[in-house]
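Working notes for the structure below.
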Amino acid sequence: LVFLFKLIEGAATSSFGTHVANIAGVPLPVVERADVVSKNFARQFKERMQVKQTKNMGRLPIEAQADFAFLYKAGLGLLVPPDNPVRRRQVLSGLRQTVQRYVKK
């Protein structure tokens, strides 16, 4: 068996299950039916995700909500800065980067 692709960590853009099944000798009608079912599932999933994204337009992603909550508390003085000056600089640098990330959008 010769692999023509390098495997890397992360999500695949599509499933290769039917290709593997075909190579493994699964009967062609079964592979073809599985391919149809897989493509229908992928299409329906994509449609559901698009509807979900449309509904959530204008809402902040959960990461941004967490960043905003932290920055809000920091702005109100509810958070105690670290005593260590090096750590304090790291925290302030992180806050600055967080703010810049959202200001650029």
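Could we say that residue 86 is more than 22 Å from the chain's Cα centre (by Cα) and without any contact (Cβ under 8 Å) to a residue 40 or more places away in the chain here? Yes. Within region 16-36, the set of residues being within 25 Å of the chain's Cα centre (by Cα) and either open to solvent by 90 Å² or more (accessible area, probe 1.4 Å) or over 24 Å from residue 6 (Cα atoms) (or both) comprises 16 only.
Scan region 71-105 for residues that are surrounded by 10 or more Cβ atoms within 10 Å (Cβ to Cβ), at pLDDT 80 or above and of a type in the set (D, E, K, R) and the total you get is 5.
Within region 37-47, being of a type in the set (S, T, N, Q) and surrounded by 12 or more Cβ atoms within 10 Å (Cβ to Cβ) holds for one residue alone: 38. You will find that of 45, 3, 68, 41, the residue that is in a loop (DSSP other than H, G, I, E, B) and either among the aromatic types (Phe, Trp, Tyr) or at pLDDT 85 or above (or both) is 3 and no other.
The values are calculated or read from the model by the stated rules, or taken from the named source; none is laboratory data. Model, not experiment: these values are computed from the prediction. Don't worry about glycine lacking a Cβ; one is built from the backbone with ideal geometry, like all the others, and counts go over all protein chains shown. SASA here: full protein model, heavy atoms, side chains in, ligands and nucleic acids out. Shrake-Rupley method; radii C 1.70, N 1.55, O 1.52, S 1.80 Å.
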